[in-house]
Every structure is written in C-alpha cells, then in structure tokens.
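Peer 1: Sharing a structure here in structure tokens format.
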Amino acid sequence: MKFSVMVNEGPYTHQAADTAYHFTRAVLDAGHEIFRIFFYHDGVHNGTRMSTPPQDDRHIVDRWSELAHDHDIDLVVCVAAAQRRGILDKDEAKRNGKDGDNIAPGFRISGLGQLIEAGIEADRLLVFGD
Amino acid sequence: MKKFMYVNRHAPHGTIYPLEGLEVVLIGAAFDQDVSMAFIGDGVFQLNKGQDTGALGMKNSAPTYGALGDYEVTKLYVEQESLDERGLELNDLMNLTWEDEEADWVEKPSIRVVSRAQLSDLLEQQDVILNF
C-alpha cells in the first residue's frame, strides 16, 4: 500500500513527530511505500539542521534526514508555514534577503499543492498532530 | 476524483490552525477534487458573524470564508450539537453563499447544519480527511 504522512507539530514539544517517524519506519519495514511526508504548522521545525538536542536524547531532525537518505523518502516542508517560522533553504534565504539558511539534509521546501497531491496519490494519508 | 474533507475544530485566532487550514483549502480548490469542510467543537466559532481582531493585533481571517464560494468550496457542514453546546444558532453565523452555475447562477447557502450522526456518516464517506 502507498502511504502519505503529514506532520503538524514541532519536534520534542509533541510526541506527534516521534509517532510519525515510528509509523513511517513500520510502513517501510512491512514492505509498503511512502509517497511523501509533508510538514505543516509547527511541524516545519522538524526540518531545521540547527537543532542540537542533548546527546542522551534522540535526534529527531537527524533521524528524518537519515530516513530520507536510506529510503529515498520525499520530505517536504510547506513554504508558507516555513517562512512564518524561519525555516529557509538557500533559495528562500536569498529571495527574502536573509543571511543564512537552516534546512536539514533530505528536506525540501515546496507549496501546499504537494500536500493535496500526497492525498490524491496515496492510498492513505495519515495526519500526526493536534 | 477523491472526496476531501477539511475538519475545523479550533476557535478562530486562538491558534494558527484555522488560518493555515484555510490556506490548504484555497490551494486544494485548484485540484478539482470533491471538497467539503466540517465545523465541529469550537470550530463553529470560526463562522461567527462580526469577528473583530483589532484589539488582538492579528489579521482577521473571517472575511476569507466569504471567498470560499468563488473557489467552488460550497459544502460547509456545521454540527448542530456543537452550536447548541455553545449557545449559537444559524443566525449567529456569517451568511455564506455560492453561485450555482448549473442553475443560472442563483445564490445558494454554503452552510448546512447537520447532526452529529449525519456528520459521522459524511466522515465515513471521505477518502482524505485533514484536521485543523
């Protein structure tokens, strides 16, 4: 089966980011396909490479990046939600006159159409968050 | 074509969920799917008449609901029990309409008040449900 995942809460504050990650791993382990993971609302904070949690805790952002690298998963951060919250890639930083970018490896910034498409193309769209 | 339902559960302006939810609905309207919205719990306050965010210093998202008809988002299901529990009635909500192209552009109401049981049936029929 083909799944899409939507993550609506930031890392650490809510369990939603963890649950979405574990669900995704379970989907892949069971031999199913992940069409896309879309980060919205405060969920965009899952995509900052500036995150530096204590060493004895899980690294939520790195975990996503590794998942994208190992399984070629499409991690999409909503551009409008990201701009409000200061998540930028090189192009967005340049376009908005900012002095740096902070997007983590494996993530890309794109529009809400990617979420709708994820709903259309997947057999199931799972939403994690409040 | 898939059936998309956007379920709105939060009061307006207290969180960003209603505003960012509307942004999804407006973008999603371009995808030619069967779209509806549901308003349950405190979400019914999103449709309240006469919202004024001046004192909050926030953008008022309420006028955007008036544009939904132009985006062919014409089915706004409001749960009767949620209205009752909050002392609201249909008359307290904005008068939202859409123009029916197939009926000589006659204006029709977008808001449909449904019971909790009816909404449950509607949810059952959906392919994609997004919560805001």
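Peer 1: How many residues does the range B:22-34 contain that are farther than 11 Å from residue B:68 by Cα and more than 9 Å from chain A (Cβ to nearest Cβ)?
Peer 2: Here the count works out to 2.
Peer 1: Follow-up. Among (1) in a helix (DSSP H, G or I); (2) at the interface with chain B (Cβ under 9 Å from one of its Cβ atoms); (3) closer than 21 Å to residue A:27 by Cβ, there is one condition residue A:70 misses while meeting the rest; what is its number?
Peer 2: The number of the failed condition is (2).
Peer 1: Further, regarding this structure: For the range A:1-33, how many residues meet the condition of being surrounded by fewer than 23 Cβ atoms within 10 Å (Cβ to Cβ), under 13 Å from the mean Cα position of the chain (by Cα) and of a type in the set (A, V, I, L, M, F, W, C)?
Peer 2: Qualifying residue count for the region: 1.
Peer 1: Please tell me if residue A:57 is out of contact with any Asp or Glu (no Cβ under 8 Å at 6 or more places or on another chain), over 29 Å from residue B:7 (Cα atoms) and either of a type outside the set (Val, Ile, Thr) or in a loop (DSSP other than H, G, I, E, B) (or both).
Peer 2: The answer is yes for residue A:57.
Peer 1: Of all residues in the range A:18-33, which are in a strand (DSSP E or B) and within 15 Å of residue A:107 (Cα to Cα)?
Peer 2: none
Peer 1: Also, quick follow-up: If residue A:83 satisfies every condition in (1) part of a loop (DSSP other than H, G, I, E, B); (2) within 13 Å of another protein chain (Cβ to nearest Cβ); (3) within 12 Å of residue A:44 (Cα to Cα) but one, which is the exception?
Peer 2: All conditions are met except number (1).
Peer 1: Would the range B:73-91 turn up any residue that is within 14 Å of chain A (Cβ to nearest Cβ) and under 26 Å from residue A:112 (Cα atoms)?
Peer 2: Scanning the range B:73-91 turns up at least one residue that is within 14 Å of chain A (Cβ to nearest Cβ) and under 26 Å from residue A:112 (Cα atoms).
Rule-based calculations on the coordinates, nothing more; no lab input. Please read these numbers as outputs of a predicted model, since none were measured by experiment. Quick reminder, even Gly has a Cβ in these numbers, built from the backbone with ideal geometry, and neighbours come from all protein chains shown.
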